[in-house]
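The values are calculated or read from the model by the stated rules, or taken from the named source; none is laboratory data. Since the structure is predicted, the reported quantities are computational estimates derived from the model, not experimental observations. Virtual Cβ from ideal backbone geometry, glycine too; neighbours counted across all protein chains shown. What goes into the accessible areas is simple: the full protein's heavy atoms, side chains included, and nothing from ligands, DNA or RNA. Shrake-Rupley method; radii C 1.70, N 1.55, O 1.52, S 1.80 Å.
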Amino acid sequence: AQSVTQLGSHVSVSEGALVLLRCNYSSSVPPYLFWYVQYPNQGLQLLLKYTTGATLVKGINGFEAEFKKSETSFHLTKPSAHMSDAAEYFCAVRGDRGAQKLVFGQGTRLTINP
Amino acid sequence: ETGVTQSPTHLIKTRGQQVTLRCSSQSGHNTVSWYQQALGQGPQFIFQYYREEENGRGNFPPRFSGLQFPNYSSELNVNALELDDSALYLCASSLGGSGGSNEQFFGPGTRLTVL
């Protein structure tokens, strides 16, 4: 079975500061990993994904994440936070290649201080 | 290219009633997944339909049921509504089968309130 743990339900950073959102996963098979963003009263938008190959993945809006198998982590970073980055962020794993079920973490609410 | 759409956007029902939520998948997609997102939680997988057949189910009781139509749109039906069914219901479409993408595209969701 797959599971995802997001460390920190709330993260607050200043505008222009580094954003780091933590995600650890558990999977019995090589994982496919995803980060989604959710703005208030909206659905989920894919930021980036890791399937195979390069472990450093670049996504939209300047975000990137690094897959570290030895640490079972897939942390999301952005060098310089912008006010528009304020949202809820979800890490997800799809471990079973036969089905496309996603298992999500509890989410991290990112607040940007001016 | 039309994205994933869901209807209605909001719905209020009373305990014991039945509800049907609808989802139109993105053009070219043959797989629809449904998720329940309770307030302050991450989405929970309900079930998935691939080419009109159920293709996996999460830990939800049988009163949660679904359909997928030949045009790959889908319905989620919930019978005997309970207060805990109040949530945002998200539909996601993707291209399943061999060679399919791993990416699920989400709709805006239907906010269900059970009183």
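Before moving on, here are some points about what is shown:
- Label-to-label distance, nm, for residues given as residue B:41 and residue A:77 (7 Å Cα→Cβ offset): 3.3 nm
- Exposed-site-free run, longest, chain A (rule: trypsin sites (Lys or Arg not before Pro); DSSP loop; at most 15 other C-beta within 10 Å): A:1-68
- Site-free segments of chain B were taken between trypsin sites (Lys or Arg not before Pro) in DSSP loops having at most 14 other Cβ atoms within 10 Å, sites themselves excluded; the longest one is B:64-115.
- Rounded to 5, the percent of DSSP beta bridges in the protein assembly as shown classed as antiparallel: 90 percent
- Fraction of accessible area attributable to carbon and sulfur, the protein assembly as shown (%, probe 1.4 Å): 50 percent
- With all protein chains kept in place, the per residue accessible area of chain B amounts to 47 square angstrom at a probe of 1.4 angstrom.
- Net dipole in debye of the protein assembly as shown [+1 Lys, Arg Cβ; -1 Asp, Glu Cβ; about Cα centre; nearest 20]: 180 debye
- Among the GluC sites (Glu not before Pro) within region A:64-114, those in coil by DSSP and having at most 11 neighbouring Cβ atoms inside 10 Å are A:71.
- Dipole magnitude of chain B, debye to nearest 20 (Cβ charges: Lys/Arg +1, Asp/Glu -1, about Cα centre): 260 debye
- Among A:17, A:92, A:81, residue whose mean-square fluctuation peaks in a GNM of chain A (springs only between Cα atoms under 10 Å): A:17
- Low-density loop cleavage sites - GluC sites (Glu not before Pro) in region B:1-79, where at most 15 other Cβ are within 10 Å (DSSP): B:1, B:52
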